[in-house]
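One structure below.
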Amino acid sequence: MKRLKVIHQTSYQFSDSVQLQPHGLRLRPREGHDQHIESSRLTINPPASLRWHRDAEGNSVAIASFDTATNHLSIESETVVQQFDVAPQDCLVADYAVNYPFNYLEEDRASLSCYMANATSPGCASVGNWVGEGEDTQGMPIFSLLLQLNQRIYQGIAYRVREEEGVQSPQQTLEYGTGSCRDMAGLFMSAARRLGFAARFVSGYIYTNDIVVQSGSTHAWAEVFIPGAGWKGFDPTFGTLVGVEHIAVAVAREPQSIPPIAGSFYGTPFSSMSVNVWVLDVG
């Protein structure tokens with residue numbers, strides 16, 4: 001078991017007094033057999049009333065509502081998480097899905113269809129051509145295939161810090177040859193779906209000593225549903241399986257659906273924002 005502390009600070013400064021509208025916060029990590037929350041604290045200034053719910057994906061969402069006008073907003077989340085997935089490669093794959101290609105069982109397809117390929121999605125053809133450039137996949141163990149895809153993005157796409165909002169399309173990431181963690185995760189998802197897998201986007205944090213890659217930011221990766229093993233995480237930014245260093249906060253069918261903080265305000269439309277994230281090993 002590994003214990004990690006996450007401190008996520010977000011600050012907004014407004015040029016004049018504004019009225020804040022309700023803000024949706026996806027800052028609380030997901031919980032399950034492999035990830036437990038030991039303690040959690042959320043501090044908001046100016047004070048806000050909170051209402052918690054789970055969205056359609058089971059993500060914890062806090063809705064913060066404000067009564068008073070303000071020229072600033074600060075949100076700080078501090079969480080200690082216990083991580084148990086120390087051997088992510090140690091899992092069983094259902095007999096019918098050991099080698100590629102395979103078909104999901106009918107009852108699984110009913111639940112997974114929204115995470116599978118959309119032939120009309122932007123850049124779908126270019127991703128299909130890129131996937132087709134690889135080696136013959138027939139008969140390959142599906143875990144080997146997905147790890148190979150993970151490594152191909154890690155080795156072929158250069159990491160780049162992007163301050164702009166949103167996610168590049170998979171086609172853009174291939175054209176530029178660069179991308180942020182969320183861009184690489186989006187490309188992995190699109191490629192996995194082209195191969196017939198159900199894949200989804202994950203937003204969260206990672207513990208790493210690589211200051212260049214993850215200083216002061218959240219992290220993103222992808223999960224693929226593997227029969228027998230369930231949803232397994234693949235991180236193309238580092239070319240690794242997702243394990244105890246990764247803290248999942250929210251999952252979604254598409255990357256743009258789960259920003260950590262989303263909201264609006266009434267007032268003069270000039271503001272600045274700063275974000276700081278620390279992930280600490282606490283034992």
**Message:** Cα atoms only: what Rg and Dmax, in Å, come out for the range 163-205?
**Reply:** 10.6, 32
**Message:** Name the residue from S11, A125, G196 whose Cα lies farthest towards the positive end of the charge dipole of the chain, charges +1 on Cβ of Lys and Arg and -1 on Cβ of Asp and Glu.
**Reply:** S11
**Prompt:** Hey, rough spin-label estimate for N209 and D95, points 7 angstrom out along Cα→Cβ, what's it come to in nanometres?
**Reply:** 4.5
**Prompt:** Given DSSP loops and a limit of at most 12 other Cβ atoms within 10 Å, what is the longest stretch of the chain that contains no such GluC sites (Glu not before Pro)?
**Reply:** 1-132
**Prompt:** Quick one: putting +1 on the C-beta of Lys and Arg, -1 on the C-beta of Asp and Glu, what dipole do you get for the range 149-205 around its Cα centre, in Debye to the nearest 20?
**Reply:** 300
**Fill in**
Largest fluctuation, Q151, Q171, Q13 only, Gaussian network model of the chain with Cα springs under 10 angstrom, belongs to Q13
**Complete:** Treating only Lys and Arg (+1) and Asp and Glu (-1) as charged, each at its beta carbon, one finds that the range 56-190 has a dipole about its Cα centre, in Debye to the nearest 20, of 320
**Request:** Using 0.36 nm per residue of separation minus the Cα-Cα distance, give me the extension gain between N129 and V275 in nm, one decimal.
**Result:** 48.8 nm
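Would you please name the trypsin sites (Lys or Arg not before Pro) within the range 1-63 that are DSSP coil residues with at most 15 other C-beta atoms within 10 Å of their C-beta? Could the numbers behind the result be given before it?
Numbers: sites: K2, R3, K5, R26, R30, R41, R51, R54; in loops: R26, R30.
Hits after loop and neighbour filter: nothing returned.
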**Message:** Taking Rg/Rh (Cα atoms, Kirkwood Rh) straight from the coordinates, which label in [x] 0.99; [y] 0.93; [z] 1.39 is the correct one?
**Reply:** [x]
**Item:** the range 189-283: C-alpha gyration tensor shape, a/c 1.5 cut-off, then a/b vs b/c
**Value:** oblate
**Message:** Using a 7 Å offset from the Cα along the Cα-to-Cβ direction at both S65 and Q9, what is the distance between the two label points in nm, to one decimal?
**Reply:** 3.0
**Request:** Give, to the nearest whole percent, the P(r) tail of the range 141-226 beyond 20 angstrom, counting all Cα pairs.
**Result:** 32
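With a Förster radius of 45 Å, plug the Cβ-Cβ distance of W52 and E164 into 1/(1 + (r/R0)^6) and report the FRET value to the nearest 0.05.
Numbers: r = 30 Å, r/R0 = 0.67.
The calculated FRET efficiency here is 0.90.
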**Asked** When DSSP assigns beta bridges and you keep just the ones with both residues in the range 95-242, what percent turn out antiparallel, to the nearest 5?
**Response** 90
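For the range 95-242, just run the numbers: alpha carbon Rg, then divide by 2.2 N^0.38 Å, N being how many residues it has.
On the way: Rg = 14.9 Å, N = 148, 2.2 N^0.38 = 14.7 Å.
Taking the Cα Rg and dividing by 2.2 N^0.38 Å, one obtains 1.01.
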**Prompt:** Charges only on Cβ, +1 for Lys and Arg, -1 for Asp and Glu: so what's the dipole of the chain about the Cα centre, in debye to the nearest 20?
**Reply:** 320
**Request:** Measure nothing but the geometry: give the 0 to 90° angle between the long axis through the Cα atoms of 181-194 and the longest principal axis through the Cα atoms of the chain, rounded to 10°.
**Result:** 40
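I'd like the FRET efficiency for E38 and E175, computed as 1/(1 + (r/R0)^6) with the beta carbon distance as r and R0 of 41 Å, rounded to 0.05.
On the way: r = 43 Å, r/R0 = 1.06.
After rounding, the FRET efficiency stands at 0.40.
Since every read-out is calculated from the coordinates, none of them should be taken as a lab result. None of the values given here were measured: they were computed from a predicted structure. Don't worry about glycine lacking a Cβ; one is built from the backbone with ideal geometry, like all the others, and counts go over all protein chains shown.
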